[in-house]
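The block underneath contains the structure these notes are about, expressed in structure tokens.
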Amino acid sequence: MRPIIGITSYVLPAGWGVWTDLPTALVPHDYTEAVRLAGGRAVVLPPDDLDADVLDRIDGLLLAGGADLHPSLYGQEPGPHTVAQPDRDAGELTLLRGALDRDLPILGVCRGMQLLTVVAGGTLHQHLPDTLGHEKHRPGPGVYGSQQVLLDPESRIAALMGDDLTINCFHHQGVADPGSLTVTGWATDGLPEVVEDPERGFVLGVQWHPEVSRDRRLFGALVAAASKELTQACADR
């Protein structure tokens, strides 16, 4: 049995066939395919803040990228470049807190890393060009920036990544203060690119987009951790 990986999703207007601008729960296929290729079974989770009971039926949680987090979550007022989706924030916060309570394996991608940071008591830069003075982390609409990441050699992420340290990023916000998390990777400009929680079984956040390249190093690690969760659950039954 493949471990089940729940993937958080957007609700956005979408169109297909005769339908246009229909509110739709969706996530880029890159995420579901990356999970499948890593040996997992992907399940898409639409925003829902009523409870986190679905976590009892999955083996790992993937926090996908997307819109900005509302700055009120880290004690700030929205800046002019911040575009948030409060309903998604509420649903993902419910899931993330429940997953942390269960010590469920968690991988956060881009927005997902930022969500991990905020739940850990950290803060974000709302618009990196204002902070860093350049647009290298989001070169243009739909254009990924290519960078080399610098890793703590003693970290989990360093063991997973090996010698290929090229990453593709698309974000205009970033981690200012990681809270209780440990920063284990940085861009060349010093911006945090990886956070980990060494006190938990598997909690990892990356600021880049490994799903685009179907990166089996990171998704394989999530699926492997979820497999252990599944094995333990079956043993408990």
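The values are calculated or read from the model by the stated rules, or taken from the named source; none is laboratory data. Fair warning: this is a prediction, and the values are worked out from it, not measured in the lab. Backbone-built Cβ (ideal geometry, glycine too); neighbour counts: all protein chains shown. Keep in mind that these areas ignore ligands, DNA and RNA; they rest on the heavy atoms of the full protein, side chains included. Shrake-Rupley method; radii C 1.70, N 1.55, O 1.52, S 1.80 Å.
Please work out how much length the chain gains when fully extended from residue 21 to residue 159, using 0.36 nm per residue of separation minus the C-alpha to C-alpha distance, in nm with one decimal. Before the final figure, lay out each step's value.
Numbers: separation 138, 0.36 × 138 = 49.68 nm, distance 4.38 nm.
Length difference between fully extended and current span is 45.3 nm.
So, with +1 on the Cβ of K and R and -1 on the Cβ of D and E, and no other charges, what is the size of the charge dipole of the chain about its Cα centre, to the nearest 20 debye?
660 debye
Probe radius 1.4 Å, ligands and nucleic acids ignored: give me the carbon and sulfur share of the accessible area of the chain as a rounded percent.
Values: 5690 of 10920 Å².
Heavy-atom surface of the chain belonging to carbon and sulfur, 1.4 Å probe: 52 percent.
Mind listing the phi-derived Karplus ³J(HN,Hα) values for region 140-150, rounded to whole Hz, using 6.51, -1.76 and 1.60 with θ = phi - 60°, and x for any glycine or proline?
For region 140-150, the Karplus-derived couplings read x, x, x, 10, 7, x, 9, 9, 9, 9, 9 Hz, x marking Gly and Pro.
Of 70, 27, 125, whose Cα points farthest to the positive end of the dipole of the chain (charges on the beta-carbon: +1 Lys, Arg; -1 Asp, Glu; origin at the Cα centre)?
Value computed over the given set: 27.
At what distance in angstrom do the alpha carbon centres of region 1-44 and region 101-127 lie from each other?
20 Å
Name the helices (complete DSSP H segments) of the chain with a Cα length along the long axis of 20 Å or more and a Kyte-Doolittle mean of at least -0.5, or state none. Mind showing how you got there, number by number?
Working: long enough: 86-102 (24 Å, -0.69); 216-236 (29 Å, 0.30).
Sorted by number, the helices that extend far enough and score high enough are 216-236.
Roughly how many Å² is the accessible area per residue of region 1-69, as a whole number, for a 1.4 Å probe?
Working: 3550 Å² over 69 residues.
About 51 Å² of surface per residue is accessible.
For region 24-113, with the dipole built from +1 on Lys and Arg beta-carbon atoms and -1 on Asp and Glu ones, taken about the Cα centre, which of 60, 39, 104 lies farthest toward the positive end?
39
With every protein chain kept in place and ligands, DNA and RNA left out, what is the accessible area per residue of region 128-237? Probe 1.4 Å, answer in Å². Could the numbers behind the result be given before it?
On the way: 5290 Å² over 110 residues.
I get 48 Å² per residue for this part.
Show me 35-46, 144-155 ranked by packing, highest mean number of other Cβ atoms within 10 Å first. Each step should come with its number before you reach the end.
Values: 35-46: 19.1, 144-155: 15.1.
Averaged packing, sorted descending, gives the order 35-46, 144-155.
For the chain, list log₁₀ I(q)/I(0) at each q in 0.16, 0.17 Å⁻¹, using the Debye formula over Cα point scatterers of equal strength and ignoring solvent, two decimals each.
For the chain, the Cα-only Debye profile gives -1.17, -1.33.
With a sphere of radius 10 Å drawn around the Cβ of residue 128, what net charge do the other residues whose Cβ falls strictly inside it have (Lys, Arg +1; Asp, Glu -1)?
Spelling it out: positives minus negatives among the neighbours equals -1.
Computed over the Cα atoms, what is the radius of gyration of region 1-135 divided by 2.2 N^0.38 Å, N being its residue count? Don't skip to the end; give the middle numbers.
Numbers: Rg = 15.7 Å, N = 135, 2.2 N^0.38 = 14.2 Å.
For region 1-135, the normalised Cα radius of gyration is 1.11.
To the nearest 20 debye, what is the magnitude of the charge dipole of region 1-84 about its Cα centre, counting +1 on the Cβ of each Lys and Arg and -1 on the Cβ of each Asp and Glu?
Charge dipole, region 1-84, about its Cα centre: 380 debye, nearest 20.
Non-local amide H neighbours of residue 24 (under 5 Å, H modeled in plane, Pro and chain starts lacking H): which ones?
12, 14
Largest first, please: the extent of the C-alpha atoms of region 64-158 along each principal axis, to the nearest Å.
Largest to smallest, the principal-axis extents are 39, 37, 23 Å.
Give me the one-decimal nm value for the distance between modelled label points at residue 132 and residue 228, 7 Å along each residue's Cα-to-Cβ direction.
Distance between the two pseudo-spin positions: 3.2 nm.
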